[in-house]
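Read the structure below first, then the notes.
The values are calculated or read from the model by the stated rules, or taken from the named source; none is laboratory data. Small disclaimer: the values here were computed from a predicted structure and weren't measured. Cβ atoms come from the backbone with ideal geometry, glycine included; neighbour counts cover every protein chain shown. In case anyone asks, the SASA skips ligands and DNA or RNA and just uses the protein heavy atoms, side chains included. Shrake-Rupley method; radii C 1.70, N 1.55, O 1.52, S 1.80 Å.
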Amino acid sequence: MAVKFFGQFLIEQGEINATQLRDALDFMEAENLSLGLFAVEKTWLKPMDIHRIQLEQRQKDASFEEIVLELGLLPKAKLDALIQEHEARRVRIGDALVRKGHLAAGRLGGLLERFKVDQEKYTTCDIAMPADLRAPKLAAALVQLLPKFTERLAEIQLKVGEAERANGQTLPDYCAAVVIHMDKGLELLLAGDEAFAARLTAGMLGAPIEDVNSFLLDDGLGEFLNVLAGNAVAIFEKQGERVPFDPPRLGGHSEATAGYVFPLIATHGKAALVLSSIS
Amino acid sequence: MDEKITVVAVDDSQIVLSHLTRLLSEMEGVEVVGTAKDGLEAIRIVNEAKPDLVLMDIVMPGMDGLTALRTLRSTAPNARVAMVSSVGGSSTRAEEAFRLGAIQVIGKPFDVAQLDALVTSERAEKKARISKGAR
């Protein structure tokens, strides 16, 4: 049992093969518009509004909807209608597989139910932090923010798996760590293979992936952790707590020796998150 | 507008610093006259190069950007400093930067349009300063 996307689940179950999944993913990408582009298509927002929203989103943890309201771009009722229409129009992977003829329509409902049961314990919000991990609220915030930021900055979709105590698990090649000084200290370490680290770095820089220097991928992960830690800390600073954190430390971890390892299932490459208490 | 501005870029991340330097160098009317990896080095380079604009990261090892900004206020009071923040969600540090005299706080990842607007306004500011001095 592991964290997975519906497409992966279907392959494991022998319902489809990887070529069919890729075909359906291409179909989805061609059919689906982002909420912003959908709003532009409906002429409810202008391309310039989308640029403003994206700029805001890069700098704080706020959803598209929150920023639209904050900037007064749409009234709440119109925004709700937009979301509803967008949701109704969105092609999901199951629908795409059916429409491309790779899955029988009659099987979809039952498979989705089985997938839901399989994945219930991996829903990010339901992940309980290990009892002996200090700053559990901060740890939970980091774990919840991580997929949001990989998606926003680098279009990497990510699922966070169940924590396992560190016992020498091998970590992917590139890594960076940040210590956040809350409840004595929590170290946040992100490790990724070249595919993951290069895409994340390119996203962080807003540069094409071919422009990323492969000798500096630890550095790219470190910059990402800066953003992640800053946004997690901001949640607590809004409540009046001052939570300092150190600049990232780069490289130097080939295996997990302390704390807890959270396996990450990513659409691009392999990655792992390690959280450990600092005394 | 033909006025060129000189810039010093400061960031502990090598990858970010080289990317920022490249972005700035590709902009019209900008000359990057120095780079630094931490606050202490930034103070030295700014005092030597006397740039029109300093772009400086907030979170850095050794001397951080806010401490360096505080020092620059006394050693180079005319330096115009824009802070760069990867901690987008943290308004506390941004507020502190403005309180210490930063002319702007720009977020990472860099938005080219935002950088361009900053450079354009600094070129206009320099031009106005020069013509005021000439009168």
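Accessible surface of B:Thr75, taken over heavy atoms with a 1.4 Å probe and every protein chain present, rounds to 70 Å². Here the protein assembly as shown exposes an accessible surface that is 51 percent carbon and sulfur, computed with a 1.4 Å probe and the other protein chains kept in place. A straight Cα-to-Cα reach below 12 Å connects A:Lys137 with the aspartates and glutamates A:Asp183, residues fewer than 8 places away in its own chain not being considered. Sorting A:Leu221, A:Leu55 by solvent-accessible area of protein heavy atoms yields A:Leu55, A:Leu221, largest first, with a 1.4 Å probe. Convex hull volume of the C-alpha atoms in chain A, normalised per residue: 151 Å³. May I ask for the net charge around A:Ala105, where only other residues with Cβ less than 10 Å from the Cβ of A:Ala105 are counted and Lys, Arg are +1 while Asp, Glu are -1? Taking every Cβ under 10 Å from that of A:Ala105, the sum is +1.
Could you work out how far apart the two model spin labels at B:Asn47 and A:Thr19 are, taking each label as a point 7 Å from the Cα in the direction of the beta carbon, and quote it in nm? In this crude label model, B:Asn47 to A:Thr19 measures out at 6.9 nm. Note on the protein assembly as shown: with charges restricted to the Cβ of Lys and Arg (+1) and Asp and Glu (-1), its dipole about the Cα centre is near 960 debye.
Our compactness index for segment A:116-221, the C-alpha radius of gyration over the empirical 2.2 N^0.38 Å, is 1.16. B:Ala79 sits among other residues whose Cβ lies under 11 Å from its own Cβ, and their net charge, with Lys and Arg +1 and Asp and Glu -1, is +2. The count of lysine pairs in chain B that are at least 8 places apart or cross chains, and whose C-alpha atoms lie under 24 Å apart, stands at 9.
The largest accessible area among A:Ser279, A:Ser63, B:Ser18 belongs to the first residue in A:Ser279, B:Ser18, A:Ser63, and the rest follow in falling order (1.4 Å probe, all chains). Taking all Cα pairs closer than 8 Å and separated by 6 or more residues, the relative contact order of segment A:6-121 comes to 39 percent. Rolling a 1.4 Å probe over the protein chains gives B:Lys50 an accessible area of about 140 Å². For segment A:223-279 and segment A:169-221, compute the distance between their C-alpha centroids and round to whole Å. Answer, in whole Å: 10.
Under 20 Å from a label point set 7 Å out along the Cα-to-Cβ vector of B:Glu3, the amide N atoms of segment B:49-63 belong to B:49-55. Within straight-line reach of A:Lys148, meaning a Cα separation under 17 Å, sit the following aspartates and glutamates at least 8 residues removed in sequence or on another chain: A:Glu56, A:Asp61, A:Glu65, A:Glu66, A:Asp126, A:Glu223.
DSSP assigns beta bridges within the protein assembly as shown; of those with both partners inside it, close to 60 percent run antiparallel.
Quick note on chain B: its Rg to Rh ratio, both from C-alpha atoms and Rh being the Kirkwood radius, is 0.94. For A:Lys100, a cut-off of 19 angstrom between C-alpha atoms picks up these aspartates and glutamates, skipping any fewer than 8 places away in its own chain: A:Glu15, A:Asp23, A:Asp26, A:Glu29, A:Glu31.
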